[in-house]
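Notes for the one structure printed next.
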Amino acid sequence: MSASAQEQKDSGNKGAGREQPALISAFPHLLTITTRWADMDVYGHVNNVVFYSYFDTVVNEYLISKGALDFENSPVIGLVVETRCAYFASLSYP
């Protein structure tokens, strides 16, 4: 069976060939973020757009904690130039 034929066959299998989540130990910097009621969509899940605001919060907190970002005294800004998000489970409030 060709690779593309196998991919088509596997696409019908839930989770087949799907990337698995990394272990939390693979991440050198962690930040606990409390979800808010306003983060939820009509389905009771944290809205996809909100995840990117979480990313921004973590990046800024990291840069500030390492002394690389000082909003009050420096013209330097931090930019996230590329992101990617693979959803493995829903997230909800609280």
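Filtered by the rule that a residue be among the small types (Gly, Ala, Ser) and touching a residue at least 12 places away in the same chain (Cβ under 8 Å), region 18-63 gives a lone residue, Gly44. From the set of residues in region 10-24 that are modelled with pLDDT under 85 and assigned to a loop (DSSP other than H, G, I, E, B), which is nearest to Arg84 (Cα to Cα)? The selected residue is Glu19. Of all the residues in region 46-79, those that are closer than 25 Å to Arg36 by Cβ, at pLDDT 90 or above and not in a helix (DSSP H, G or I) number 3.
The values are calculated or read from the model by the stated rules, or taken from the named source; none is laboratory data. Note that the structure is a prediction, hence the values are computed from the model and not measured. Cβ sites come from the backbone with ideal geometry, for glycine too, and all protein chains shown count toward neighbours.
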